[in-house]
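J.: Quick one: the structure is below, questions incoming.
The values are calculated or read from the model by the stated rules, or taken from the named source; none is laboratory data. All values reported here derive from a predicted model rather than from experimental measurement. All Cβ positions, even for glycine, are placed from backbone atoms using ideal geometry, and neighbour counts span all protein chains on display.
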Amino acid sequence: MTPEAEEFLRRAIDLAATARKSGNPPFGSLLVGPDGTVVAEDHNTSITDNDISAHPEFKLAKWAARELDPETAAGTTMYTSCQPCGMCAGAIARSGLGRVVYALSGDQLDGLKPGGGFAPVPEEGPALHDEARVPVDGYYS
Ligand SMILES: [Zn+2]
């Protein structure tokens, strides 16, 4: 980890403290361009927005996909106070960001929670392949 990267992580940790002071879960993130310029930053607002998707990583991934061209997005690094959760990791992958650098790991975070992490919801499938593929066939070609 470079000293510059540690400074960006410290900014993410400051944003996490801001989130907590505002009554939200303590997480913060920023996007940094290849020249070291901070292009966007945010903190968790899932309580005050009453929105389970208001994680800073998710908000920044949506912002990048909407506001940045793909080449610019690919040149950015997300610095975040905690390893992105599954929801955010999926959004980050879809947004085309170049890299993620985090402070706390997801396991380290779970270790700080009395009840640990979220239990996975049972899934069932695949099913109805011939019917389900009809609206998809040809879409990606
Ligand atoms: Zn998340």
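J.: With the condition kept exactly as written, say whether any residue in the range 47-55 is modelled with pLDDT of 95 or more, within 19 Å of Phe8 (Cβ to Cβ) and surrounded by 14 or more Cβ atoms within 10 Å (Cβ to Cβ). So that I can check it myself, show each step before the final result.
T.: So the first thing to find is which residues in the range 47-55 are modelled with pLDDT of 95 or more, and the list is 47-55.
Keeping just the survivors that are within 19 Å of Phe8 (Cβ to Cβ) gives 55.
Applying the additional criterion that residues be surrounded by 14 or more Cβ atoms within 10 Å (Cβ to Cβ) yields 55.
Checked against the condition, which is being modelled with pLDDT of 95 or more, within 19 Å of Phe8 (Cβ to Cβ) and surrounded by 14 or more Cβ atoms within 10 Å (Cβ to Cβ), the range 47-55 yields at least one hit.
J.: Could you please find all residues in the range 55-69 being within 9 Å of the ligand (Cβ to nearest atom) and assigned to a loop (DSSP other than H, G, I, E, B)? Let's see the steps before the verdict.
T.: Step one: list which residues in the range 55-69 are within 9 Å of the ligand (Cβ to nearest atom), which gives 55-58.
Scanning the range 55-69 gives a single hit, His55.
J.: Answer with yes or no whether Asp107 is surrounded by 10 or more Cβ atoms within 10 Å (Cβ to Cβ), more than 20 Å from Ala74 (Cα to Cα) and free of Cβ contacts under 8 Å to residues at least 40 places away in the same chain.
T.: Values: surrounded by 10 or more Cβ atoms within 10 Å (Cβ to Cβ): yes; more than 20 Å from Ala74 (Cα to Cα): yes; free of Cβ contacts under 8 Å to residues at least 40 places away in the same chain: yes.
When the stated conditions are applied, Asp107 passes them.
Residue by residue, here is whether (1) modelled with pLDDT of 95 or more; (2) assigned to a strand (DSSP E or B); (3) away from the ligand (no atom under 13 Å from the Cβ); (4) of a type in the set (A, V, I, L, M) holds:
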site	(1), (2), (3), (4)
Glu71	yes, no, yes, no
Tyr79	yes, yes, yes, no
Ile92	yes, no, no, yes
Tyr102	yes, yes, no, no
Gly111	no, no, yes, no
Gly117	no, no, no, no
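J.: Which one is surrounded by the most Cβ atoms within 10 Å (Cβ to Cβ) among residues in the range 3-36 that are of a type in the set (S, T, N, Q) and part of a loop (DSSP other than H, G, I, E, B)? Give the steps one after another, and end with the answer.
T.: Keep residues of the range 3-36 that are of a type in the set (S, T, N, Q), which gives 18, 22, 24, 29.
Narrowing further to those that are part of a loop (DSSP other than H, G, I, E, B): 22, 24.
Details: Ser22: 13, Asn24: 21.
Ranking the qualifying residues of the range 3-36, first place goes to Asn24.
J.: Pairs under 9 Å by beta carbon, first residue more than 19 Å from Cys88 (Cα to Cα) in the range 31-44, partner of a type in the set (Val, Ile, Thr) and in a loop (DSSP other than H, G, I, E, B), six or more apart or different chains?
T.: Pairs found: Gly33/Thr76; Pro34/Thr76.
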